[in-house]
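Before any comments, here is the structure.
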Amino acid sequence: MDIKRVKDYIYWLYYQYLLITCSYVLEPWERSMFHTITVTVFAMVVYTAYVFVPIHVRLAFEFFSQIFGSQPESTV
């Protein structure tokens, strides 16, 4: 892939992000604060999903296996 095309595509994605969030009308210091808060919230959501989703999936699997008659493993 051509480097210029990749650079233009990334710039286009960033421009779309600015248009969707309407942050192109903000002053530079407001835009940097907005981006900082947005990245922080996104990072917290990803971390929370990474930590807690597997636990809930395992618990749901155990719950539904007990409901549908699967016998728990013997601890003998």
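The values are calculated or read from the model by the stated rules, or taken from the named source; none is laboratory data. Quantities reported herein were computed from a predicted structural model and do not represent experimental measurements. All Cβ positions, glycine included, derive from the backbone under ideal geometry; neighbour counts span all protein chains shown. The accessibility values were calculated without ligands, DNA or RNA, using every heavy atom of the protein model including side chains. Shrake-Rupley method; radii C 1.70, N 1.55, O 1.52, S 1.80 Å.
Results, tabulated for the structure shown:
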| item | result |
| --- | --- |
| Range of Cα positions in the chain per principal axis (Å), largest first | 65, 35, 21 |
| Helix-only mean residue ellipticity at 222 nm for the chain, each DSSP H run of n ≥ 4 adding -39500 (n - 2.57), per residue, nearest 500 | -28000 deg cm²/dmol |
| Using θ = phi - 60° and Karplus 6.51 cos²θ - 1.76 cosθ + 1.60, couplings along the stretch 13-23 (whole Hz; Gly, Pro as x) | 4, 5, 5, 4, 4, 4, 5, 5, 8, 6, 7 |
| Of LEU26, SER65, VAL45, farthest towards positive along the dipole that unit charges on Lys, Arg, Asp, Glu beta carbons give the chain | LEU26 |
| Per residue, in Å², the accessible surface of the stretch 1-67 once ligands and nucleic acids are set aside, probe 1.4 Å | 92 |
| Carbon and sulfur %, accessible surface of the chain computed with the full protein complex present, 1.4 Å | 72 |
